[in-house]
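Here is the structure we will look at.
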Amino acid sequence: MQDDTAPLVDVHAHFLTSSYVEAASAAGHRRPDGMASWPSWSAEDHLRLMDAHGIERSILSISSPGVWFGDLGSSTALCRRVNDFAADVVAEHPDRFQFFASVPLPAVDEAIAEATRALDQLGAAGTVVMTNAGGVYLSDPAVELFLDELDRRGAAVFVHPTTPLGWEHTTLGFPRPMVEFFADTTRVISAMLMKGDVARRDRLRMIVPHCGASLPLLADRLRLFASILSSTPDGLERIDEGLGRLWFDLAGTPMPLQADALISQVGTGRLLYGSDYCWTPPHIVNSQIAALDSAWRADVHGAWRELARDNAAAFHAQGVASH
């Protein structure tokens, strides 16, 4: 039987500000990632959703298209504005909200400076980064110093997908979140696993969204190519060690198929709850929670709410232990 009383921590929860929407629209994102319009957000609406579903705390973040619009000065200023806003929301509701700070990648020095300010002065729970910023991916050596600094700090980084370059040739007329978001998440995490980037950063707490995107189905293929491309067993070991370090949220449509595929690769000890609100409207959040309640194999894996709650506590404790 499922336990529908265990309080949840939502690690995949978004907010918007009017100034952010204005800045993104001015940069050409009037139909963000091919969606029809921007959603609305307020702390009050978010709290009502949380109360309806037993979500004790949500970690807010800016979603795609992120904060990098090609100009360093304006992107850095935009980061400061959205992070200051989120810190004010947390100050008003300290028991209900935390936030992941936005950073102006691919500008590494400025991203490190803003992450430091947000973590040390604003009390951010970690940072949010897009899979790519202007075509520069998290697996690119150009941004490794940023991730190395977060690793040194034992910080959390929430990786969110965004539109890849060349989307005009691959979306076939559909909004980019439908397929391209999964492809971009899988692309960059696969590259980081193959290169050993995840395995070597043993203090970094990296959250992969949407139940791992397509990674659960491709993990064995990564192992295959690791064995082809590497003359030693190190490649295979890096894949498995890296998979064992990642955390995954349950946003999207994990039931009835995707969650089982992910669990077959990584177990249940690093699964976290994610709603994807406000980009996922309340009625879809309702149906996704209902699917978890009805289709989750509690007899095999334990009650999903208790599991997500305990894993969120472990995720937090890992960060405390790193300091």
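Summary of computed values
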read-out: Net +/- balance of residues flanking P177 in space, Cβ distance below 11 Å, scoring K and R +1, D and E -1; value: -3
read-out: Ordering of 42-48, 8-14, 194-200 by packing [mean C-beta count within 10 Å, highest first]; value: 8-14, 194-200, 42-48
read-out: Charge context of R80, other residues only, Cβ under 13 angstrom, K/R +1, D/E -1; value: -2
read-out: Where the Cα pairs of the range 164-323 fall when distances are cut into 5 Å bins, in %; value: 2, 8, 16, 19, 19, 17, 12, 6, 2, 0, 0
read-out: Cα-projected label distance for A91 with L229, points at 7 Å along beta-carbon direction, nm; value: 4.7
read-out: Estimated distance in nm for a label pair at A6 and E22, the labels positioned 7 Å out from Cα along Cα-to-Cβ; value: 4.4
read-out: M35 paired with A314, simple spin-label distance in nm, labels 7 Å along Cα-to-beta-carbon; value: 3.1
read-out: Calculated FRET value between S264 and N286, using beta carbons and R₀ = 22 Å, to 0.05; value: 0.20
read-out: Net charge, S275 excluded, C-beta distance under 11 Å - Lys, Arg +1, Asp, Glu -1; value: -3
read-out: The range 154-225 shape via C-alpha gyration tensor axes, a/c threshold 1.5; value: prolate
read-out: Length gained when the stretch A52-E237 is fully extended (0.36 nm per residue, less Cα-Cα span); value: 62.3 nm
read-out: Packing rank of 172-178, 155-161, where each peptide gets the mean count of other beta carbons within 10 Å, highest leading; value: 155-161, 172-178
read-out: The chain: relative contact order in percent, alpha carbon pairs under 8 Å with at least 6 residues between; value: 21
read-out: Global geometry of the chain, whether rounded, prolate or oblate, following the gyration tensor of its Cα atoms and the 1.5 cut on a/c; value: rounded
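Since every read-out is calculated from the coordinates, none of them should be taken as a lab result. The model shown is predicted, which means the values in this text are computed figures rather than measured ones. In this analysis, Cβ positions are derived from the backbone assuming ideal geometry, glycine residues included, and neighbour counts consider all displayed protein chains.
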